[in-house]
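Chemist: Questions regarding the structure given below will be posed in turn.
The values are calculated or read from the model by the stated rules, or taken from the named source; none is laboratory data. Source: prediction; values computed, not measured. All Cβ positions, even for glycine, are placed from backbone atoms using ideal geometry, and neighbour counts span all protein chains on display. Remember, those area values only see protein heavy atoms, side chains included, never the ligands or the DNA or RNA. Shrake-Rupley method; radii C 1.70, N 1.55, O 1.52, S 1.80 Å.
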Amino acid sequence: MENSSTDEGVVARGGLDDSVRGELDSLRDSIDNIDAAVVHMLAERFKCTQRVGRLKADHRLPAADPAREARQIIRLRELAESAKLDPAFAEKLLNFIIAEVIRHHETIAGERPSDGADSTEGP
């Protein structure tokens, strides 16, 4: 008995029906678009946190703000629950982002003059 890849609408590409392949491709296109949006949103978030880091450094504030971070984690867990996303996953993601932001803030703070004096050049 011969098994033809064209029997009953099954195509040679991975043995999937054309309609299944089309739906899979469409879903993957949507995922790709969402991934792009996530990257762009993270880039915008980091632009804001860089500004926060410069402000903190200028006013000699600590890079980390544990009270703010705790509030953000609670807030994000609640958002995750309402969006039917695993709150533990959302918390892990936010903790990863927070760690990176703090690292950036520490780098920014290390770049400012320690005695508070600016260079001899004007503004």
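Chemist: Given the criterion surrounded by 11 or more Cβ atoms within 10 Å (Cβ to Cβ), at pLDDT 95 or above and part of a helix (DSSP H, G or I), identify the matching residue among LEU85, LEU27, LEU94.
Modeler: Step by step, each of LEU85, LEU27, LEU94 is checked, and only LEU94 is surrounded by 11 or more Cβ atoms within 10 Å (Cβ to Cβ), at pLDDT 95 or above and part of a helix (DSSP H, G or I).
Chemist: Pairs, please: C-beta under 6 Å, at least 6 apart or cross-chain, first residue farther than 12 Å from LEU94 by Cα and in region 67-83, second at pLDDT 95 or above and assigned to a helix (DSSP H, G or I)?
Modeler: GLU81/PRO87
Chemist: Just to be sure before I move on: is ALA117 at pLDDT 95 or above and hydrophobic (A, V, I, L, M, F, W, C) in the structure I sent?
Modeler: no
Chemist: Oh, and also: Name the single residue that is farthest from GLU100 (Cα to Cα) among those in region 24-65 being among the basic types (Lys, Arg) and more than 20 Å from the chain's Cα centre (by Cα).
Modeler: Within region 24-65, the match that is farthest from GLU100 (Cα to Cα) is ARG60.
Chemist: Please pick out the residue among GLY110, GLY53 that is at pLDDT below 95 and part of a helix (DSSP H, G or I).
Modeler: Every option except GLY110 fails the conditions.
Chemist: On to the next question. Test GLU69 against the criterion of being under 13 Å from VAL101 (Cα atoms), surrounded by 12 or more Cβ atoms within 10 Å (Cβ to Cβ) and acidic (Asp, Glu), and give yes or no.
Modeler: Yes; evaluated as a whole, the condition is true for this residue.
Chemist: Something else now. Out of the residues in region 56-66 that are more than 11 Å from ALA109 (Cα to Cα) and assigned to a loop (DSSP other than H, G, I, E, B), which is least open to solvent (accessible area, probe 1.4 Å)?
Modeler: In this case the residue turns out to be ALA64.
Chemist: Only residues that are over 19 Å from GLU44 (Cα atoms) and among the β-branched types (Val, Ile, Thr): list them for region 83-106, please.
Modeler: none
Chemist: Collect the residues in region 30-50 that are out of contact with any His (no Cβ under 7 Å at 6 or more places or on another chain) and either surrounded by 12 or more Cβ atoms within 10 Å (Cβ to Cβ) or not in a helix (DSSP H, G or I) (or both), keeping them in residue-number order.
Modeler: LEU42, ARG45, PHE46
Chemist: Would you please list the contacts, defined by Cβ atoms under 7 Å and residues six or more apart or on different chains, that run from a residue in region 15-29 that is in contact (Cβ under 8 Å) with a residue 12 or more places away in the chain to a residue that is among the acidic types (Asp, Glu)?
Modeler: Taking only residues 6 or more apart or on different chains, not a single pair turns up.
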